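Report on the structure given below.
The values are calculated or read from the model by the stated rules, or taken from the named source; none is laboratory data. Predicted model, so just to flag it, every value in this text is computed and none were measured. Because the Cβ atoms are built from the backbone with ideal geometry, glycine has one as well, and the counts that use them run over all protein chains shown. The accessibility values were calculated without ligands, DNA or RNA, using every heavy atom of the protein model including side chains. Shrake-Rupley method; radii C 1.70, N 1.55, O 1.52, S 1.80 Å.
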Amino acid sequence: MKRLYHAILSIVIIVTVLSAAIACAQELKPIKLPAPQTEGGKPLMQALKERKTSREFSPRELPPQVLSNLLWAAFGINRPESGKRTAPSAMNWQEIDIYVALSQGLYLYNAADNTLRPVLAQDLRALTGTQDFVKDAPINLVYVADFSKMGNSPDNGKEVDANADTGFIGQNVYLFCASEGLATVVRGLIDKPTLEKAMGLRPDQRVILAQTVGYPK
Ligand SMILES: Cc1cc2nc3c(=O)[nH]c(=O)nc-3n(C[C@H](O)[C@H](O)[C@H](O)COP(=O)(O)O)c2cc1C
């Protein structure tokens, strides 16, 4: 009898916790970003001169317009007629997804409709890297390769291409940050298995790098 009581109690607790988690995730709404401003900014040579890594961030949030511009610079669509992007990708696979870890939750950047799609109503910033500053910086971008978009080559070949493709996106973000006076660092120091699990990624999705962005401290 006591065992049955405990079993029922456990089921009730599990169901309550699960419903709370589902309700929480449902509360996270898609964010429609303002159209990116694709004019202006510093001249390219000046941005190159100022490109640098910074590891000190103000907790101040980025306005939606700046976030939209940042994501467009990173891997937005710059040729709507073909759907091609601001960074190249092997075979035009466009296999790198940009996940955006904000304090209120995790989102996926959708370049086609310029939205942030809700993924998890959980603050995953601390898990996006092993360095202390990541948990308080307003934005951590997580570059995730979707191997299912990369044809039939072996996984090690896909990794090479995905690493290269991520590098171009990371440099776009560096240049945008230099142009806008933002601080940024691209990062490989990540406990990838833990982060992939927390993000709920499929086995054919791999975290490649992360990049912290914010106002300088
Ligand atoms: C692939 C890659 C991984 C990196 N990983 C980290 C990292 O995990 N943490 C960090 O603080 N910096 C990381 N960096 C930033 C480098 O340390 C930085 O680019 C380098 O010190 C040169 O500084 P600069 O970018 O200002 O020229 C990484 C850079 C690259 C390209």
Neighbours by Cβ (under 8 Å, 6+ apart or cross-chain): first from region 128-139, closer than 11 Å to Ile190 by Cα and within 10 Å of the ligand (Cβ to nearest atom); second open to solvent by 10 Å² or more (accessible area, probe 1.4 Å) and of a type outside the set (D, E, K, R): Gly129/Leu189; Gly129/Ile190; Thr130/Leu189; Thr130/Ile190; Gln131/Leu189; Val134/Ala126
Enumeration of residues in region 191-206 that are under 15 Å from the mean Cα position of the chain (by Cα), within 16 Å of the ligand (Cβ to nearest atom) and open to solvent by 20 Å² or more (accessible area, probe 1.4 Å): Lys192, Arg206
Residue check, Val160 within 14 Å of the ligand (Cβ to nearest atom) and crowded, with 20+ Cβ neighbours inside 10 Å: no
Contacts under 6 angstrom Cβ, first residue in region 184-202 being closer than 17 Å to Asp146 by Cα, partner within 15 Å of the ligand (Cβ to nearest atom), 6 or more apart: Lys192/Val207; Leu195/Leu127; Leu195/Val207; Glu196/Val207; Ala198/Leu127
Residues of region 173-217 satisfying the condition of being assigned to a helix (DSSP H, G or I) and under 26 Å from Leu120 (Cα atoms): Val173, Lys192, Pro193, Thr194, Leu195, Glu196, Lys197, Ala198, Met199
Residue ranges of strands (runs of 3 or more DSSP E) in region 1-114 with at least 1 members modelled with pLDDT of 95 or more and open to solvent by 60 Å² or more (accessible area, probe 1.4 Å): 77-79
Verdict on Ala137 being modelled with pLDDT of 95 or more, assigned to a loop (DSSP other than H, G, I, E, B) and open to solvent by less than 30 Å² (accessible area, probe 1.4 Å): yes
Residue in region 129-137 that is touching an Asp or Glu at 6+ places or on another chain (Cβ under 8 Å) and not charged (D, E, K, R) present: yes
Residue within region 84-100 that is in contact (Cβ under 8 Å) with a residue 60 or more places away in the chain, under 23 Å from Ser68 (Cα atoms) and among the small types (Gly, Ala, Ser) present: yes
